[in-house]
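Here the structure is laid out as structure tokens; the discussion comes afterwards.
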Ligand SMILES: [Zn+2]
């Protein structure tokens, strides 16, 4: 871990330190820079954030090799229920890595149902390829029966009466098709898709990505193939880190809050996007020629821009570039 921290530190220094040993301004948090581009970041690589993925790969190798000396040893010391194991103060670092790996791997494996004790009926994947929590229509709370799948299994078979209490008719029929392998001594699982261990890391990343995808303006603007500088300008606008006068003043890096072009108003995102006296004549000129470029607040411009880029990429592109050139001037 120490080595990975050092690597991240070196990357941060590369971005923010100037050649003469002085520090540059940290406009954006490191975590934001490390987010994927479609999540509003710049897709930088953080070594620390990959720890869970690497541990999952290690863990998968561990459970695949049941007869290995490491497997036998750790089971003897910590018990065989690895999926629900906890990290204690006295746990060895190997065990910590194994338990962390299990946590990262859990969302991408599908359980083979035995007695159901280790399987969380809502959170784990045991039917088709999605946990019930992710099903759009599933609303029943299982709090009063506990979340273990064993509440729905009786004497090696599905307890139909119990299932009907908590699940809809169609879902019960689907569940009844899930085979119960009561001959399994321990819990068993398979990867949702048949893949090699090399792709496990990719699958977990994908799962994390799915979990954190939110409505993000950056998702649609990044596909417009804007020129690199224009692209970067808009990324600053969307993440509210434009080094405008308002931004610099807020961070006590400037005592001048008004637009330097003599507009007499505070220079913030709204002013840059639609209010600057240098920009308005250009937009008016373009609109006279029928381009319909918005001239209101930043948020209004974003919504209008979204439609423009979808329906008329050329005008959208023109708007983005005009804004950038006006700012650059
Ligand atoms: Zn201005």
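Nothing in this text is a laboratory measurement; each read-out follows from the coordinates by a stated rule. Remember, predicted model here, so these are calculated numbers, not experimental data. A quick note on method: Cβ atoms are made from the backbone with ideal geometry, for glycine too, and the neighbour counts reach across all protein chains shown.
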Problem set entry | segment 2-46: C-alpha gyration tensor shape, a/c 1.5 cut-off, then a/b vs b/c | oblate
Problem set entry | Fewest-first sequence of 12, 55, 251 by Cβ atoms within 10 Å of each Cβ | 251, 12, 55
Exercise. In what sequence, highest mean first, do 39-51, 62-74 appear when ranked by Cβ atoms within 10 angstrom?
Worked result: 39-51, 62-74
For this session: Please work out whether segment 217-328 counts as rounded, prolate or oblate from its C-alpha gyration tensor, where a ≥ b ≥ c are the square roots of the eigenvalues and a/c under 1.5 means rounded, while otherwise a/b larger than b/c means prolate and anything else oblate?
Result: oblate
Seminar exercise, completed: Exposure proxy check on 234, 126, 30, 16: fewest-to-most Cβ neighbours within 10 Å is 16, 30, 126, 234
For this session: Determine the distance separating the Cα centre of segment 106-180 from the Cα centre of segment 311-329; give it in Å without decimals.
Result: 52 Å
For this session: Mind running the shape call on segment 6-163? Use the C-alpha gyration tensor, a ≥ b ≥ c as the square roots of the eigenvalues: rounded below 1.5 for a/c, prolate if a/b tops b/c, oblate otherwise.
Result: oblate
